[in-house]
Amino acid sequence: MNNLPSIFEEFSEARKNGFIKVKNFKESGKNVVGVFCTYTPYEVIYASGAIPVGLCGMSDEPIPDAEKHLPKNLCPLIKSSYGFALTEKCPYTYFSDLLVGETTCDGKKKMYEYLGKIKPMHVMHLPQAQDREHALKVWKNEIEYLKECLEKQFNVKITDEKLREAIKIKNEERKLLQEFYSLSKLTPPPIGGLEMYKVLEGTGFSFDKIEQNNNMRKMIDEIKEEYSKNGSKISKSAKRILITGCPIGGAIEKVVGTVEENGGVVVCFENCGGVKEKAQLVDENKEPIEAIAEKYLKIPCSVMSNNDGRLELLDGLIDEYKVDGVIDVTLQACHTYNVESMKVKEFVKNEKNVQYMSLETDYSKTDLGQIKTRIAAFIEML
Ligand code: BJ8
């Protein structure tokens, strides 16, 4: 696309500008809940009157400090998140009144034991299977337990009415984001993957969801209009890449930037921050806690066993986005995604007949040269 709508900047700068907003929010007497995972039932936190803020560390800056307490051979996302809390360098962590985590991978759940010494921490016990009836019951109980914890912590009552209102607003956000990222189904896509990711990331840091939804509507309409008038700055022949695997925020420039410097364009992010959580809505006609439990338990993350939902999701996305190549990004020492990569590779290559590449990386720049060479060769081959 030739001209990005001005509102676009607001979304892509939201993380930076959010610091002031979150400070003002705190000073007005409101509560902030720091969260670390896509399984966190955001609606329950909104219904308590607090705002949830994602605290997954995406920079290697606090990692040396984190390594004073945590092993070096641990996922950078875990070390970065802990390091920010330890050094008080992240205002979002600093202003959080309560942290909520889930028992997902081993590294994260053990790190929370130390994090709980720095800040009040509530850990939800996530079942590790999705297809058993009792898994849903356990998860529903955990959501009830979170609700009680929030009520006690903030001295509020979370009613069904407040939950329903939060469900509606979050569903509206999901529908708009689906519409936004689906624009990349077009050939050529109106915007590149780096630009798309900045908007997706920004929504995690804009705290007034009603205002955000209105702005998002406006932005989508402007992108469509600009595209129909002036087309896209992206070449029609750009190779269309789907990113899957671990959350990519800490390696976004390294991976997506390199793809887009080498004649490719990222058209879809299957991972957290992208489609994974937004593909399904919360059922607005069911009892709210039950509906929230059902929706979140279905998220196809590699911490689940089995995790066939990831392949089902990839199956549809590869077709819908007319994908030429899949890049599976694993953060160093992330065992669940690392082990699952063979399954993904076989599925992508054998079932979908699409090229596949796996990359293992961290937040440092040490492997930048190697990643650039590998990505350039991959795109060349497509
Ligand atoms: S729903 S992807 S946000 S667990 S921290 S598993 S990278 S070793 S972040 Fe995640 Fe929730 Fe799943 Fe999404 Fe691996 Fe690192 Fe663990 Fe990680």
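Tabulated data for the structure shown
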| read-out | value |
| --- | --- |
| Relative contact order %, the chain, counting alpha carbon pairs below 8 Å whose residues are six or more apart | 20 |
| Calculated from backbone phi, Karplus (6.51, -1.76, 1.60) coupling profile of the stretch 324-341 in Hz, x at Gly/Pro | 8, x, 10, 10, 9, 9, 10, 7, 3, 6, 8, 5, 5, 6, 5, 5, 5, 5 |
| Residue-averaged [θ]222 nm for the chain, counting only DSSP H segments that reach four residues, each worth -39500 (n - 2.57) | -15500 deg cm²/dmol |
| Proximal charge balance of Leu194 [Cβ under 11 Å; K/R count +1, D/E count -1] | -4 |
| Computed over the stretch 11-161: relative contact order in percent, which uses C-alpha pairs under 8 Å that are six or more apart | 23 |
| Contour minus Cα-Cα distance for Ser182 and Glu284 (0.36 nm per residue) | 34.4 nm |
| Fraction of alpha-carbon pairs over 19 Å apart in the stretch 40-109 - percent | 37 |
| Proportion of all alpha-carbon pairs of the stretch 261-382 beyond 19 Å (%) | 55 |
| Solvent-accessible area, 1.4 Å probe, carbon plus sulfur percent, for the chain | 49 |
| Size descriptor, Kirkwood hydrodynamic radius, that averages inverse alpha-carbon separations across the stretch 11-161, Å | 16.2 |
| Angle in degrees between helix 160-182 and the longest Cα principal axis of the chain, rounded to the nearest 10 | 10 |
| Low-density loop cleavage sites - trypsin sites (Lys or Arg not before Pro) in the stretch 69-106, where at most 13 other Cβ are within 10 Å (DSSP) | Lys72 |
| Label-point gap, in nm, between Glu88 and Ser6 - each point 7 angstrom along Cα→Cβ | 3.9 |
| Calculated SAXS-style log₁₀ I(q)/I(0) at q = 0.14 Å⁻¹ - the chain, Debye, Cα scatterers | -1.32 |
| Probe 1.4 Å, accessible area per residue of the chain, Å² | 44 |
| Loop trypsin sites (Lys or Arg not before Pro), the stretch 112-170 (other Cβ atoms within 10 Å of the site Cβ: 11 or fewer; DSSP) | Arg132, Lys157 |
| Between the stretch 54-126 and the stretch 136-195, the Cα center-to-center distance that results, in Å | 22 |
| Cleavage-rule hits (GluC sites (Glu not before Pro)) in the stretch 247-297: DSSP loop, at most 16 neighbouring Cβ within 10 angstrom | Glu284 |
| Packing rank of 363-373, 233-243, where each peptide gets the mean count of other beta carbons within 10 Å, highest leading | 233-243, 363-373 |
| Between the stretch 356-382 and the stretch 221-244, the Cα center-to-center distance that results, in Å | 24 |
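The values are calculated or read from the model by the stated rules, or taken from the named source; none is laboratory data. Just so you know, these numbers come straight off a predicted model, no measurement behind them. Backbone-built Cβ (ideal geometry, glycine too); neighbour counts: all protein chains shown. Each accessible area value is taken on the protein alone, full model and side chains, heavy atoms only, with ligands, DNA and RNA left out. Shrake-Rupley method; radii C 1.70, N 1.55, O 1.52, S 1.80 Å.
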